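Peer 1: Structure below; questions to follow.
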Amino acid sequence: MLPVLVFLLGLPLALASPTCAPLIPVTFDNATIARLLGPWIYIVGASKYPPYMEELRGLKYGAFSFSPSSHEDELNVIEVTRLNETCLQRSTSKVLAFRHNSTLAHVDDQVFATAKLIQSDEDLLILNHLNDDFPSLSLSARTPNVSKEQLEEFRSHLHCMGFTEEDIFFTSETDACPLPWEKKDEGDVKPQLK
């Protein structure tokens with residue numbers, strides 16, 4: 001009887017959800033902006049925002065690179081994605097960094113999307129996308145691989161935001177597109193992007 005009682009008393013603790021730590025935004029300063037520069041690989045994302053959900057379903061691979069622009073707190077962006085079977089490259093967008101509220105804004109042809117950069121490992125870029133009442137969270141990294149611990153931390157954030165496994169969309173390195181910022185050997189033929 002005692003083992004059953006111990007089991008039943010411990011059951012509520014085992015069934016309790018993990019402690020949900022708040023998503024803590026990074027406070028922007030010069031070091032923050034400098035840390036964003038360079039290439040990033042999009043690893044995983046989740047969203048309840050219908051337009052983002054549709055895009056995430058078709059996204060097989062994503063990479064982007066930030067470079068300084070001629071304006072302070074503005075970054076140039078080169079984006080490379082594989083949507084379904086097609087590799088696309090865009091270099092027409094900008095990211096604006098608003099220091100007063102530590103918000104990033106992605107501006108591209110009349111589209112204005114905002115996000116908060118969440119505190120994490122320096123080689124990770126966790127963005128809490130701000131879309132009215134629709135939660136969205138994405139994880140990018142300096143390399144296509146993240147550690148099991150980093151991925152588990154990200155999954156716990158998603159769980160705390162109410163996402164299920166069906167809401168989470170991973171990209172794959174096997175679907176990678178050529179990246180314009182990577183050097184090619186002289187003999188290499190440059191692949192064509194649409």
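The values are calculated or read from the model by the stated rules, or taken from the named source; none is laboratory data. Computed from a predicted structure; not experimentally measured. Cβ sites come from the backbone with ideal geometry, for glycine too, and all protein chains shown count toward neighbours. All accessible areas refer to the heavy atoms of the entire protein, side chains included, with ligands and DNA or RNA removed. Shrake-Rupley method; radii C 1.70, N 1.55, O 1.52, S 1.80 Å.
Peer 1: Kindly establish whether THR164 is modelled with pLDDT under 95 and closer than 19 Å to ARG57 by Cβ. If you could, list the steps in order and put the result at the bottom.
Peer 2: Values: modelled with pLDDT under 95: yes; closer than 19 Å to ARG57 by Cβ: yes.
It is true that THR164 is modelled with pLDDT under 95 and closer than 19 Å to ARG57 by Cβ.
Peer 1: Where residues in the range 54-104 are under 19 Å from HIS129 (Cα atoms) and without any contact (Cβ under 8 Å) to a residue 12 or more places away in the chain, which of them is surrounded by the fewest Cβ atoms within 10 Å (Cβ to Cβ)?
Peer 2: HIS100
Peer 1: Of all residues in the range 151-174, count the ones that are in a helix (DSSP H, G or I), of a type outside the set (Lys, Arg) and open to solvent by less than 80 Å² (accessible area, probe 1.4 Å). Break it down stepwise before answering.
Peer 2: Of all residues in the range 151-174, those in a helix (DSSP H, G or I) come to 151-160, 165-167, 173-174.
With the extra rule that they be of a type outside the set (Lys, Arg), the set shrinks to 151-154, 156-160, 165-167, 173-174.
Retained after the next criterion (residues that are open to solvent by less than 80 Å² (accessible area, probe 1.4 Å)): 151, 154, 156-158, 160, 167.
So the count comes out to 7.
Peer 1: Residues to consider are ALA16, ALA46, ALA21; find the one that is farther than 15 Å from GLU122 by Cα and at pLDDT 95 or above.
Peer 2: Working: ALA16 fails: at pLDDT 95 or above; ALA21 fails: at pLDDT 95 or above.
Of ALA16, ALA46, ALA21, the one residue that is farther than 15 Å from GLU122 by Cα and at pLDDT 95 or above is ALA46.
Peer 1: Still on this structure, please answer the following. Right, ARG57: within 21 Å of CYS177 (Cβ to Cβ), at pLDDT 90 or above and more than 13 Å from the chain's Cα centre (by Cα) or not?
Peer 2: Working: within 21 Å of CYS177 (Cβ to Cβ): yes; at pLDDT 90 or above: yes; more than 13 Å from the chain's Cα centre (by Cα): yes.
Yes: the conditions hold for ARG57.
Here is a yes/no grid of residues against (1) part of a strand (DSSP E or B); (2) closer than 29 Å to ALA21 by Cβ:
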position	(1), (2)
LYS60	yes, no
HIS71	no, no
LEU75	yes, yes
THR81	yes, no
LYS94	yes, no
LEU104	yes, yes
ALA115	yes, yes
LEU139	yes, yes
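Peer 1: Pick from ASP121, ASP132: which is at pLDDT below 95 and either crowded, with 17+ Cβ neighbours inside 10 Å or more than 22 Å from ALA31 (Cα to Cα) (or both)?
Peer 2: Values: ASP121 fails: either crowded, with 17+ Cβ neighbours inside 10 Å or more than 22 Å from ALA31 (Cα to Cα) (or both).
After ruling out the rest, the residue left standing is ASP132.
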